[in-house]
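Read through the structure below, which is laid out as structure tokens, and then see the notes.
The values are calculated or read from the model by the stated rules, or taken from the named source; none is laboratory data. Note that the structure is a prediction, hence the values are computed from the model and not measured. Here the Cβ is made from the backbone with ideal geometry for all residues, glycine too, and neighbour counts use every protein chain on show.
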Amino acid sequence: MDLISYPMSHRTRTINRIHRQEEYMATEEKAGERTPLDDVMEDIRRELVLRVAKADRDEHRDMYDALENE
């Protein structure tokens with residue numbers, strides 16, 4: 001199976017978008033002091049990414065198992 005040509009799911013695009021936002025925000029945060037709110041927001045973003053990734057794995061378990069067995 002050619003994974004490069006496999007269309008991205010909505011969850012994959014969401015993970016990629018969140019990842020890009022974190023990179024942008026990390027650049028922004030270097031310029032100023034971190035606040036407790038920054039820490040909480042980072043934890044929330046990380047939790048959302050993990051939940052989306054878990055849901056994607058659960059939804060596509062057969063594909064992940066096939067890749068693991070290659």
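Beta carbons closer than 8 Å, at least 6 apart along the sequence or on distinct chains, pair a first residue in the stretch 31-48 that is at negative phi with a second that is surrounded by 10 or more Cβ atoms within 10 Å (Cβ to Cβ) for D38/E29; E42/E22; R45/I18; R45/Q21; R45/E22; L48/I18.
For the stretch 21-38, state whether one or more residues are at pLDDT 90 or above and surrounded by 10 or more Cβ atoms within 10 Å (Cβ to Cβ). Checked the stretch 21-38: at least one residue is at pLDDT 90 or above and surrounded by 10 or more Cβ atoms within 10 Å (Cβ to Cβ).
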